[in-house]
Amino acid sequence: MRHFCILHHRVLIFLVLLIFANTGRAQSDLPPTDTVLDVFQNSPNDGALPAGGVVFDSKGNLYGATTYGGNGGSDCIGGSCGTVYELSPAAEHSGPWTETILYNFRGVSVDNDGELPNGGLVIDDVGNLYGVTAYGGTGNCILFGGRDGCGTVYELSPPSQPAGAWTKTTIYSFQGGLDGYLPLGNLTFDQSGNLYGATQYGGGFGSCNEPFYQYCGTVFELSPPKSKGAQWTEKVLYSFKGVADGANPNGDLIFDKYGAIYGTTYYGGFVPTGSGMRCLYGATATGCGTVFRLEPAPSVLGAWKETALHRFHTTPDGGGPNGGLVTDLKGDLFGTTVAGGINEVGTVFQLTAPDKMGESWSEKIVVSFGAGTQSQLPMGGLVMNDGNLYGTAYEGGIYYAGAVFRLNGNEDWNYSLLSDFSPGNQAAGPQSSLTFGEDGALYGTTQGYDHLIKGAVFRVNP
């Protein structure tokens, strides 16, 4: 087994916080407002640490990925390679859900398979699932002296017969260097069936987290083959350069009606100067993160144009946007930062386009987490429904185990807690975006359960 290393550079502090969360807090008479649908066991027969949120199929089944666990082998970073799972609903609404492991990743040492899923899943019209693994594949990326691969994009296709096995296909292996390395977050479909996503490293520009990882990340496009069984075609649309430009882009990209792509970078942008100024837990040289736009090239061979719409400054501004964006009917952009704000524990922000072309977008901090919100560290993105915003906070609440919140768009973004994870239930540390079910409930994942780092899937009624 290779030596353990953290999946990427921003995870360790939050896992440490999770271990010590939910201790020494005041008790409450309020009943739990969330229902745990499944608890991961971190075993050869089950996964551990959900890699993102969940997605529904047309029959009401839930699908997701876990970063660790499974029986695919021990020769992966951390000792296990991760899984893709299915949750089937109970016949009765309050009954237990049934979990099935659809695929156990095997790692780079077994047929160059992927290892360590690093985002949630997206589903197409016929039920195929798509996601990314942080490592694995045919790429020659080296970490701590061993080839771990540069990451993959995979497809899981449902069986043609009931109770049959799902078919997993690696549709792209990242190569590092000018190509991407270490994909992160959810993929996004366009109307033509192309997939878009981000890699935290690679691209050939900038110096980000050397010597372990090279360059500052990419946004990529994957085009499906014209004939079944042929190869997908990958194209790097933009390579980030760090510092004033963004660095380490997140996935969960969105499109506007003109085909432009919007997203966030965790680092890059504004770099603090002067005594006492910092971004993100003491980091001062890498910037506080950005919101960017990529405009399509005017021709097939042309380059996409990148614009930093906002560079975060941290406190009282946000710092470290950690997920994707959502947009309202007016075209305003909303997202979260895991740091910054008045209390330095995260924000929800709003960006409004200028009235005149060429002018700057305007930013508004909708929520500064901490005092008054009973929650902090929003590590996932937002979802919007009927003009309201919904999200999760990794910490906080009465029991310091995290929370689900709502921002009412009809009341000047009035903040309220929908769920305060509590003892007797023990799910803790939500880190992903939420998903609405047809029943109107919100579904998501947590990183912990019963003080252990293994994870759970939950439902909350809004």
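Read-outs: derived from the displayed coordinates by stated rules, not from any lab. Since this is a predicted model, take the numbers as computed values, not measurements. Note that we place each Cβ from the backbone using ideal geometry, even for glycine, and neighbour counts take in every protein chain shown.
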query = Once phi is turned into ³J(HN,Hα) by the Karplus curve 6.51 cos²θ - 1.76 cosθ + 1.60 with θ = phi - 60°, what whole-Hz value does each residue of region 437-452 show in order, with x for glycine and proline?
reply = x, 5, 7, x, 7, 9, 10, x, 10, 10, 8, x, 7, 6, 6, 10
key: ASN128-ARG147 pseudo-label distance in nm [points 7 Å out on the Cα-to-Cβ vector]   = 2.8 nm
task = Sum up the charges of everything whose Cβ sits under 14 Å from the Cβ of ALA456, counting Lys and Arg as +1 and Asp and Glu as -1, but leave ALA456 out.
result = -3
note = Summing +1 per Lys or Arg and -1 per Asp or Glu among the other residues with Cβ less than 12 Å from THR98's Cβ gives -3
message = Rounded to the nearest 20 debye, what is the charge dipole size of region 375-462 about its Cα centre when +1 sits on each Lys and Arg Cβ and -1 on each Asp and Glu Cβ?
response = 260 debye
ask   = Among rounded, prolate and oblate, which fits region 268-418 when a ≥ b ≥ c are the square roots of the eigenvalues of its C-alpha gyration tensor, a/c under 1.5 means rounded, and a/b larger than b/c means prolate?
value = oblate
ask   = Put +1 on the Cβ of every Lys and Arg and -1 on every Asp and Glu Cβ in the chain; which of GLY242, VAL460, ALA65 then has its Cα farthest towards the positive end of the dipole?
value = GLY242
Highest-first arrangement of 380-392, 220-232, 195-207, 321-333, where packing means the average Cβ count within 10 Å = 195-207, 380-392, 321-333, 220-232
key: Gained length - SER223 relative to SER58, 0.36 nm times residue gap less alpha-carbon distance   = 56.9 nm
query = Using 1/(1 + (r/R0)^6) with R0 = 51 angstrom and r between the beta carbons of ASP439 and SER74, what's the FRET efficiency to the nearest 0.05?
reply = 0.80
query = Per residue of the chain, what 222 nm ellipticity follows from adding -39500 (n - 2.57) for every DSSP H run with n ≥ 4, rounded to the nearest 500?
reply = -500 deg cm²/dmol
ask   = Considering the zone a paramagnetic label at ILE171 would reach in this model (a point 7 Å from Cα along the Cα-to-Cβ line), which residues of region 220-259 have amide N under 18 Å from it?
value = 220-237, 251-255
query = Got a sec to turn the phi values of region 307-320 into Karplus ³J(HN,Hα) couplings, 6.51 cos²θ - 1.76 cosθ + 1.60 with θ = phi - 60°, whole Hz, x for Gly and Pro?
reply = 10, 7, 6, 7, 10, 6, 10, 6, 6, x, 6, x, x, x
message = Can you tell me the length gained on complete extension of the stretch ASP332 to GLU210, counting 0.36 nm per residue apart and subtracting the Cα distance?
response = 40.4 nm
